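I have a structure here, written as structure tokens, and I will follow up with some questions on it.
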Amino acid sequence: MKVDSRTFRKALGCFPTGVAVVTTLDSQGKPVGVTISSFTSVSLEPPLVLFCLANTSGNLADFKASGHFAVNVLREDQRELSMRFAGRGADKWAEVPRTTWETGSPIIGQCLANLDCRVVAVHEGGDHLIFVGEVDRLEYGTAGQPLIYFRGDYAALGNTTLP
Ligand SMILES: Cc1cc2nc3c(=O)[nH]c(=O)nc-3n(C[C@H](O)[C@H](O)[C@H](O)COP(=O)(O)O)c2cc1C
């Protein structure tokens with residue numbers, strides 16, 4: 001059966017994800033950031049995570065060259081940040097609080113969690129590249145709700161209690 005890409009996208013949209021901004025530095029040391037939902041854990045020991053970046057991303061070369069990235073997990077009130085880093089606006093970084101830790105990748109403030117990673121492998125995956133990183137340092141908060149992406153739109157966690 002040939003899977004058409006529209007149906008494929010719709011089916012994948014049934015799997016809810018969080019939203020993160022992956023960041024690195026370009027060759028001039030300027031911050032770079034892209035909104036992603038393709039973030040997942042890979043290994044506990046060593047601590048590995050991955051994300052997938054489209055071959056068409058204008059920032060692909062920067063992530064390949066720098067050898068490091070940070071994953072900034074967004075809160076539900078950071079939807080504007082998600083939209084900004086999913087676009088090609090002039091100054092994505094205006095008024096975004098940020099710092100750096102071990103690798104130099106931008107660590108965005110007020111996120112649910114931040115993970116500073118060194119690239120340990122890059123795999124081809126169809127029209128994306130899969131970046132695998134070893135986590136050097138991380139921080140997370142126990143308060144706050146995540147920004148969710150579901151069926152092609154933003155969503156929030158419901159307050160329902162599971163049986
Ligand atoms: C919620 C959300 C999740 C996304 N997830 C990914 C992803 O996992 N990988 C990817 O390559 N692009 C993803 N995108 C699209 C990129 O954010 C978008 O293509 C961005 O414009 C790429 O910017 P660049 O070309 O400047 O790198 C996502 C967009 C949104 C809104």
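Matching residues to (1) free of Cβ contacts under 8 Å to residues at least 24 places away in the same chain; (2) within 21 Å of ASP127 (Cα to Cα):
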position	(1), (2)
THR23	no, yes
THR40	yes, yes
SER43	yes, no
LEU48	no, no
LEU60	no, yes
ALA70	no, no
ARG79	no, no
TRP101	no, no
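State all residues of segment 94-111 that are open to solvent by 30 Å² or more (accessible area, probe 1.4 Å) and either at negative phi or among the polar types (S, T, N, Q) (or both); if no residue qualifies, say none.
As a first pass, look at segment 94-111 and keep what is open to solvent by 30 Å² or more (accessible area, probe 1.4 Å): 94-95, 97-102, 110.
Those that are open to solvent by 30 Å² or more (accessible area, probe 1.4 Å) and either at negative phi or among the polar types (S, T, N, Q) (or both): ALA94, PRO97, ARG98, THR99, THR100, TRP101, GLU102, GLN110.
Please verify whether ALA143 is open to solvent by 20 Å² or more (accessible area, probe 1.4 Å) and modelled with pLDDT under 95, treating the condition exactly as stated.
So ALA143 passes the test.
Here is a follow-up. Given the residues ALA61, ALA65, which is the only one that is surrounded by fewer than 17 Cβ atoms within 10 Å (Cβ to Cβ), of a type in the set (A, V, I, L, M) and within 12 Å of the ligand (Cβ to nearest atom)? It would help to see each step written out before you state the result.
On the way: ALA65 fails: within 12 Å of the ligand (Cβ to nearest atom).
Only one candidate qualifies: ALA61.
Right, something else. Name the single residue that is farthest from the chain's Cα centre (by Cα) among those in segment 1-42 being small (Gly, Ala, Ser) and open to solvent by less than 30 Å² (accessible area, probe 1.4 Å).
Selected residue: GLY13.
Scan ALA86, ALA54 and give me the residue that is within 11 Å of the ligand (Cβ to nearest atom), open to solvent by 40 Å² or more (accessible area, probe 1.4 Å), touching a residue at least 12 places away in the same chain (Cβ under 8 Å) and within 17 Å of THR24 (Cβ to Cβ).
Values: ALA54 fails: open to solvent by 40 Å² or more (accessible area, probe 1.4 Å).
Answer to the check: ALA86.
Do we have any residue at all in segment 135-155 that's outside any strand (DSSP E or B), within 24 Å of ARG9 (Cβ to Cβ) and within 17 Å of the chain's Cα centre (by Cα)?
Yes, there is a match, as at least one residue in segment 135-155 is outside any strand (DSSP E or B), within 24 Å of ARG9 (Cβ to Cβ) and within 17 Å of the chain's Cα centre (by Cα).
I'd like the residue in segment 112-134 that is part of a loop (DSSP other than H, G, I, E, B) and on the phi < 0 side of the Ramachandran plot and, out of all such residues, is surrounded by the most Cβ atoms within 10 Å (Cβ to Cβ).
For segment 112-134, the residue satisfying everything is LEU112.
The values are calculated or read from the model by the stated rules, or taken from the named source; none is laboratory data. If you're wondering where the values come from, they're calculated on a predicted model, not measured in any experiment. Positions of Cβ are generated from backbone atoms using ideal geometry, with glycine treated the same way; all protein chains shown enter the neighbour counts. The area values use the complete protein model at the heavy-atom level, side chains included, leaving out ligands, DNA and RNA. Shrake-Rupley method; radii C 1.70, N 1.55, O 1.52, S 1.80 Å.
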